[in-house]
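These notes are about the structure you will find just below.
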Amino acid sequence: MECPKTTPLKERHTHGDFLYFKLFTAVPLFAAIMGFIHTNPWMLIPYIAWISLHMALVYRLLCTHCPHYGAYNGKTQCHFIWAVPPVYKARPHRQNLLEKIGVNLLLFVSILFPVYWLIDVWELLVFYLLGIAVLMITMMRFECTRCRHFTCAHNRAPQPDDMSDGQPDDPSEEQPEAAPAPPEPAPEPEPEPEQESAPDPKPEAPDAE
């Protein structure tokens, strides 16, 4: 039996997909929380606030472009979130450059946030970094290669030639249409030729008496 050359796209996520990746996410999250408890428990408050803000912003910058956004009885269901209503307006077009940079920046800050407080507890730091590595590699190998969200910066699925999966270009980025050329002025009417006036009749000579 030959293995398929391409992996089919995942048309729909299951509840098991969501739980599977939440368990993977819980490993580094648990290590970060334990690190804060050992070093500075009060830092749990800004950390939890940041993670909440991270999820809200990613839901806006990334998920609103996804084909799964609000597609299941008016709710979003994927490996990232489950049964969440579409708080923001769906934008089924490509992400712009600022949105891609914003998502990557949020991910970078969220990963580095607890590292400073984990340095003193190196066992938890190793546990945390290993959890992050396993989570990201698993995502890239088993989700990003089958994802229908083709405009995501991390998508590794074979993209269709016409990108016709409900994600056209952002209409706000389209070049404005050229203004129509002004109508040509109507030709001016030719002036009518002036009529020559008849010469004055010569005065008749008076009769001689």
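Some observations on this one:
- Pick from the stretch 71-109, criterion in contact with a Lys or Arg (Cβ under 7 Å, 6 or more places away or on another chain) and under 22 Å from Met139 (Cα atoms), ranking: surrounded by the fewest Cβ atoms within 10 Å (Cβ to Cβ): Ala83
- Ile132 being within 26 Å of Ala32 (Cβ to Cβ) and free of Cβ contacts under 8 Å to residues at least 40 places away in the same chain: no
- Qualifying residue in the stretch 96-104 (condition: of a type in the set (A, V, I, L, M, F, W, C), touching a residue at least 60 places away in the same chain (Cβ under 8 Å) and farther than 21 Å from Leu129 by Cβ): no
- The residue that is nearest to Leu112 (Cα to Cα), among those in the stretch 139-176 that are exposed (fewer than 15 other Cβ atoms within 10 Å of the Cβ) and at pLDDT 85 or above, is Met140.
- Unmet criterion (only one of (1) at pLDDT 90 or above; (2) more than 30 Å from His38 (Cβ to Cβ); (3) not aliphatic (A, V, I, L, M)) for Phe108: (2)
- Here His68 meets each of (1) surrounded by fewer than 16 Cβ atoms within 10 Å (Cβ to Cβ); (2) assigned to a loop (DSSP other than H, G, I, E, B); (3) not basic (Lys, Arg) with one exception, condition (1).
- Test: Leu118 is touching a residue at least 12 places away in the same chain (Cβ under 8 Å) and over 22 Å from Gln77 (Cα atoms): yes
- Restricting the stretch 73-84 to residues that are assigned to a strand (DSSP E or B) and without any contact (Cβ under 8 Å) to a residue 12 or more places away in the chain leaves a set whose member that is nearest to the chain's Cα centre (by Cα) is Lys75.
- Residue list for the stretch 70-85, restricted to those being under 17 Å from Arg146 (Cβ atoms) and either of a type outside the set (A, V, I, L, M, F, W, C) or in contact with a Leu (Cβ under 6 Å, 6 or more places away or on another chain) (or both): Gln77, His79
The values are calculated or read from the model by the stated rules, or taken from the named source; none is laboratory data. Not measured: the values here are computed from a predicted model. All Cβ positions, glycine included, derive from the backbone under ideal geometry; neighbour counts span all protein chains shown.
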